[in-house]
1. What do you get for trypsin sites (Lys or Arg not before Pro) in segment 35-141 restricted to DSSP loop and a cutoff of at most 15 other Cβ within 10 Å of the site's Cβ?
2. By the gyration tensor of its Cα atoms, with a ≥ b ≥ c the square roots of the eigenvalues, what is the shape of segment 300-381: rounded for a/c under 1.5, prolate for a/b over b/c, or oblate?
3. May I ask you to sort 413, 295 by Cβ crowding, counting other Cβ atoms within 10 Å and putting the fewest first?
4. Once the mean 1/r over all distinct Cα pairs of the chain is inverted, what Kirkwood radius in angstroms do you read off?
5. Using modelled amide H (1.01 Å from N, peptide plane; none on Pro or chain starts), what sits under 5 Å from the amide H of residue 63, excluding residues fewer than 5 places away?
6. Per DSSP helix of 4 or more residues, -39500 (n - 2.57); summed, then divided by the residues of the chain. What does that give at 222 nm, rounded to the nearest 500?
7. Compute the relative contact order of the chain as a whole-number percentage, counting only Cα pairs closer than 8 Å that sit 6 or more residues apart in sequence.
8. What list of ³J(HN,Hα) couplings, whole Hz, do you get for segment 190-207 from phi and the Karplus terms 6.51, -1.76, 1.60, once you set θ to phi - 60° and write x for glycine and proline?
Amino acid sequence: MSDRTRPWVRSAVAVVLVAASAGLAVGGPGPRPASARPVQAAPDDAFFTPPAPLPAGSPGDVMRSRPSPAGPRSTRALADAWQVMYLSTDVAGAPNAVTGTILVPKDADPATAPIVGFGPGTHGPAFRCAPSLMLADGGFYEQPAVDDMLERGYAVAVTDYEGYHPDPATTYMTGRSMGHALLDAVRAAQRLPEAGLAADTPVVLRGYSQGGGAAMWAGQQHPSYAPELDLVGVAGGGVPADLVQVGIPLDGADGFGFFLYTLLGIDNAYADVSLEPHLNDAGRAAIARMEDDVCVLELILELGGGTIAGHTVSSPLTAALLGHIVENGLGGQAIDVPVFQYHEQQDGLVAFGQAQALRDAYCSLGVQHTWRTYDTGGATGLIRHVNLVYRANDDVNRFVESRLAGAPATSTC
């Protein structure tokens, strides 16, 4: 891990590592570490509240923008940044409003700068967790990857995904919404006048964990949803391709909060799903707390070890919910540009087997696919998942660099 990486680990992931090394039970009682809490977002920040009704327009059209800090002081020296709200498309095909951050390196000619569409990993259900707010506060845990892109002269379009506003309703792990949000963040970057970016510049999509799923979904959707984008590559790590195979092992495990958050995301996304009738008092309290104040570390430290049975009076896994879980599974359609997919062999949050099955599905569809596995070490499988956020960064950078340079792609299929 580089010296530059360490500050961002401190602001997000290191709390988990320290707790584990000290023998603290994930999900057990105790004070919340101060470093786990980003700066509180203003609860009345009208910028993040979508207009009603939404304006007419096309996906990717910018509804509003404002200058924003590009990150900590070192990143502010690298890039100018704007928070944006743009039109996108929800899981039902209806227009929605999504926010994000566009970053443009100061030393690059924006007219020729490539664009990296960046799908953030899990941030959590509360409004204060929005990636744009984390970036502005200097607490974005994937900042090293963003900085690497900026240092190479690439513009970066970071989506917040759907639902981050003062009355949050995030649609976590609904792949169709995430893919649209990521592709439309790139479109918004191209259409933001202050950024000065070109409409025909080459584009790469990248992300890890939730962001890896978003990148793969966007890659599958690209030909039909955003064919005008000059997409040249997709990189995704820790990809949750099959939400059933990812979710079941998390019941009763350290990552239970992510399982419960996925159910909440599907509930928020689909009108025919409702968790509320299935919840007991503990479940209702957990959901209310999640949407009020829970980010990624609280998902681990407060909800780890929980169970669905302990939060419900009846199974929430209805036919409607399971149907939507299945339709948000990856691998049913090819990605028509080179793909780099990577995974931790002992991943305790996003099951390895289902990621390998995605690799096999893409290979059978003729995708030009490079697959790499890692053994990062770590006290738990959850920590191994976290470790790979940083461990694989150099390999992802090389893939992105090669795609933007037009080098021939290889395949391990």
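Bear in mind that the values in this text are calculations on the coordinates, not laboratory data. What you see is a predicted model, and the numbers here were worked out from it, not measured in a lab. Note that each Cβ is placed from the backbone with ideal geometry, even for glycine, and that neighbours are counted across all protein chains shown.
1. On the way: sites: 64, 73, 76, 106, 128; in loops: 106.
Sites meeting the loop and neighbour criteria: 106.
2. On the way: a/c = 3.78, a/b = 1.37, b/c = 2.77.
The shape class here is oblate.
3. Details: 413 15, 295 22.
So the ranking, lowest neighbour count to highest, is 413, 295.
4. Numbers: mean 1/r = 0.0477 Å⁻¹.
Averaging 1/r across every pair of different Cα atoms and inverting gives 21.0 Å.
5. Close amide H contacts, sequence-distant or interchain: 85, 86, 87.
6. The helix-only estimate for the chain comes to -11000 deg cm²/dmol at 222 nm.
7. Across the chain, relative contact order equals 17 percent.
8. Couplings: 5, 9, 7, x, 5, 6, x, 7, 8, 7, 10, 6, x, 10, 10, 10, 8, x Hz.
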